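Structure, as C-alpha cells:
Read-outs: derived from the displayed coordinates by stated rules, not from any lab. Since this is a predicted model, take the numbers as computed values, not measurements. So basically every Cβ, Gly included, is an ideal-geometry build from the backbone, and we count neighbours across all protein chains shown.
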Amino acid sequence: MRLRNWIAVVVGVVLLAAAGAIGFWVNHSALQAADDVHKADSRALAVNNGTLVGQLQLLSAGELGDFLGQTTLHLGRGNAQDRAALTAFASKSGTFSYGALLVTLDGQVLTSSRSTGVPAAGNTGWQPLFTMLKSGQKAGFSSIMAVDGVYLEAVGVPVVVGGSAAAIMIGLNNVATTSLQQYTVTLSSSVHLTAVADSTGTIAASNQEKLLGTQIDPAVRNAIANTQDEFVEYTTVAGTPMIAIVVRGLPGGWSYARIQTKKSFDGAVHTKSQTLNMTLGAMLLIGVLAMGVLGYRTQIQRRRADERFQALFQHAPDMVSVLDGDGNIEYSSPSAAAVLGFSEGVLVGTSVFDIVHPEHRDYMREQFALLIARSDAVLRLQCLVRGGNGQYRWFEFTASNQMHNPSLHGVVINARDISENKAAQEQLKHEAGHDALTGLPNRRRMQDALGTSLRNQPVAVLFVDLDGFKPVNDVHGHEAGDELLRQVAGRLSSCVREWDVLARVGGDEFVILMPGVLSSDDASGMSDRIRHALAQPFTIGGHQVQIGASVGVHLAAGASDPDAALRAADHAMYAMKHARPASSQERVGRHRAAD
C-alpha cells in the first residue's frame, strides 16, 4: 500500500482513538453524580458520535482529495479518459462505490462513471453542497436525494487548476451501505432511536434501517429549531414525554440525534454507563478494523484493476475505439499497435474511413449514417482494413451508438481480425463446389449453374465420357489415371468458351454447358473439337497413351427441367457409345496401355 494511504489510515485510527478516549473520560467523570453524571454521559456520547459522523464525512472528502492529487483530469465534457478514471475510482472505493462525477461550478455534469441513477441538476438536495463550496470551504455535503428508490448523499471537493477552482469532483454514497450507517446499526437498541439527519430533516443514518430517507419526527425538528440546548424535551402526539440529545453543526448543516422516552433515559444511570463504555470500545475496534480492511481492499482492487487493464487492453486480440459523429477516431486501445501495426496513438484524430478499403468505403459510410440515426443501435459489419504495412485484412466490427451517453458521447467500435477465418471460409466454399483432383466445378455446382441458366435461356448440354480410360488405370495405376484426368481437364478447358461451364461429374465423365446455344451445328462443332482434342496422344509417366471420347449432346430449351436435360445428354452419350460396339477408340486405348 502506498505511504499516503497508510498515513490516512493511521490518522483515521488516531482520530477514532482520540474521540473514544474523550468519551471514556467523560463517561467516567459522569459517574460522580447520578442524574448530572448520566446527563453529562449522554451528552458526551452524542458529541462523540456526532464527531465520528463529522470525521467520517471529512474522511470521505479526503478520499476525493487523494484521488485528485493522484489523477490528471482533462475536464472535457464527456471525456473518455476522465470517465475511465472515475469508473476505476468508484470500483475501488469503499465509500463512493455507487459512482463519481465531474461537474462545472454551476452544477452541469461534465463526466460521470454512471449513465443513469444520478440526481438531476435541479434537485434541491444539491444546494447545501454548492453553497459550502462557494463560501470557500474545502468540501461540500448535499442533503439526501432519492433516485429510483435509492437514497444518496453527494460529497464534493473543488478541482483546482492554476490556483482556482475549475470544476467540482463529486462522490455519491448510497446511505444504506455507508460506514456511517454500519456504525449506527451497531448502536441498535430497543429503548432509543439513533438518527443522523441532513439540513432538511431527512434521515441519512439510523439504527432502524426502515427510517432511512424519511423525515425525522416533526416534534424533534420543531424543538431543534426553537432551542440551542443539546437536550430537547418534547411530548409526542400520543402524550409520551420524550428526550432527544442533539448535536448540531455537522458538515453540510447535518445533525445527530439520540431519541428515547424520558422514562428510559432517567432509569439506568450506571448500567447505561457501562453499556456506553462497551459501545465506545466496539466502535473504536470496528473503526480500526474497518479502516484497515478498507485500506487493504483498496490496494488489492487497485492491483487487480491494473492487472485486468493490462490483460484486456495491452494484449487483447480485439481493438476498441471510440468515434465521434463524423467517424473521427477519438480513442484507440493500445492493442491497435499489435493488431494493425500502427504506432500507439497515431490513429487518434484521423477518420476511420481512411483505413477502409476504397471498395468498401461508401458502404461503410452508409452504414455509419444509419447507425448514427438510431439511438442505441448496434451493427455488425465486415470489411477490408489497411494495416500499418499497407496491406488490407478482413475485420469484423461491432458498432454501438452511444452518442446519447454523456459518459461516452460517441460510437464504440469493437474490431476483430477475421482474415484467417475468411480465407478458411473461402477455401471451404471453393472445395464444396469444385472437384479436388482437377479443380473443375463438381456436379453440384454444375447443376446449380444449369438450373440458373435454364431460367432465362436455352442451354446446350454436352455429356463427355472417356473411351479407353480404364485400361490406363489398370496398367499404369491410379496415379497415372489421375494425371490423365488432369490433362483431359486441361484440354477440355481449351475447347470451351469463356462463359461456358466445364465440370467433372464422375470418375471419367465431364459435362459442358453452353448457355444461349440454339443451333445443333454449334453443339456439334463443340463435340467435334472435344473428340479431336482428346484423340491426340497423352504423355503419362513417360508413356504415351491414347484415348477417345463419347459425347452426348442435348439442346435444352429455356425453362426446361435441369435434371431432365442432364439425363437426356447422358442418354445421348450412351446411345453414341453403344452405337459403336467394340469401339475403335476403346481398342486403341487398350493397345496404347499395353505398350
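From most to least packed by mean Cβ count within 10 Å, the peptides 497-503, 141-147, 153-159, 565-571 give 153-159, 141-147, 565-571, 497-503.
Relative to the longest principal Cα axis of the chain, at what angle does helix 358-373 sit, 0 to 90 degrees, rounded to 10? Approximately 40 degrees, to the nearest ten.
One equal scatterer on each Cα of segment 57-185, no solvent, Debye formula: the resulting log10 I(q)/I(0) at q = 0.15 Å⁻¹ is -0.63.
Summary of the geometry: segment 336-387 and segment 149-222, compared by the centres of their Cα atoms, lie 47 Å apart.
Taking the C-alpha atoms only, the angle from helix 562-578 to the longest principal axis of the chain is near 30 degrees.
Were the residues from His357 through Gln457 laid out at 0.36 nm apart, the gain over their Cα-Cα distance would be 32.3 nm. Taking the number of Cβ atoms within 10 Å of each Cβ as an exposure proxy, the fewest-first ranking of Leu437, Leu408 is Leu437, Leu408.
Quick one: Cα convex hull volume of the chain, Å³ per residue?
Cα convex hull per residue, to the nearest whole number: 253 Å³.
Peptides 125-131, 367-373 ranked from most to least packed, by the mean per-residue count of other Cβ atoms within 10 Å: 125-131, 367-373. Remark on segment 115-245: hydrodynamic radius 16.5 angstrom, per the Kirkwood mean of 1/r across alpha carbon pairs. Within segment 318-422, all pairs of alpha-carbon atoms sorted by distance into 5 Å bins from zero give the percentages 2, 13, 24, 29, 19, 10, 3, 0. Over segment 434-594, the fraction of Cα-Cα pairs per 5 Å bin, rounded to whole percents and listed from the shortest bin up, is 2, 10, 19, 22, 20, 14, 8, 4, 1, 0. Dividing the summed helix terms, -39500 (n - 2.57) for each DSSP H run of n ≥ 4, by the number of residues in the chain produces a 222 nm estimate of -15000 deg cm²/dmol to the nearest 500. For the residue pairs Lys138/Lys262; Lys92/Lys138; Lys210/Lys262; Lys429/Lys577, the C-alpha atoms sit more than 30 angstrom apart in Lys138/Lys262; Lys429/Lys577. Here the simple spin-label model places points 7 Å from the Cα toward Cβ, and for Gln544 and Arg486 these points are separated by 2.3 nm.
Compared with the dominant Cα axis of the chain, that is its longest principal axis, helix 584-594 is turned about 70°.
Using the Cα coordinates of segment 391-496, the gyration tensor eigenvalues translate into equivalent-ellipsoid semi-axes of 49, 21, 10 Å, sorted from longest to shortest. Annotation: extensible slack from Ala165 through Ser190 equals 4.3 nm (criterion: 0.36 nm per residue apart, minus Cα-Cα distance).
In whole angstrom, segment 500-584 maps to an equivalent ellipsoid with semi-axes of 26, 14, 13, each derived as √(5λ) from the alpha carbon gyration tensor and ordered largest first. A straight Cα-to-Cα reach below 12 Å connects Lys134 with the aspartates and glutamates Asp106, residues fewer than 8 places away in its own chain not being considered. For Leu75, no residue whose modelled amide H falls within less than 5 Å of its own remains once neighbours fewer than 5 places apart on the same chain are excluded. Using 0.36 nm per residue and subtracting the Cα-Cα separation, the extra length available between Ala238 and Ala282 on full extension is 12.3 nm. Between Asp522 and Asp324, the C-beta separation translates, for a Förster distance of 60 Å, into a calculated FRET efficiency of about 0.45.
Which FRET efficiency value, to the nearest 0.05, is calculated for Val11 and Leu370 with the Förster distance at 56 angstrom and r the Cβ-Cβ distance? Efficiency, from the Cβ-Cβ distance: 0.50.
The ranking of Thr72, Thr111 from fewest to most other beta carbons within 10 Å of each one's beta carbon is Thr72, Thr111.
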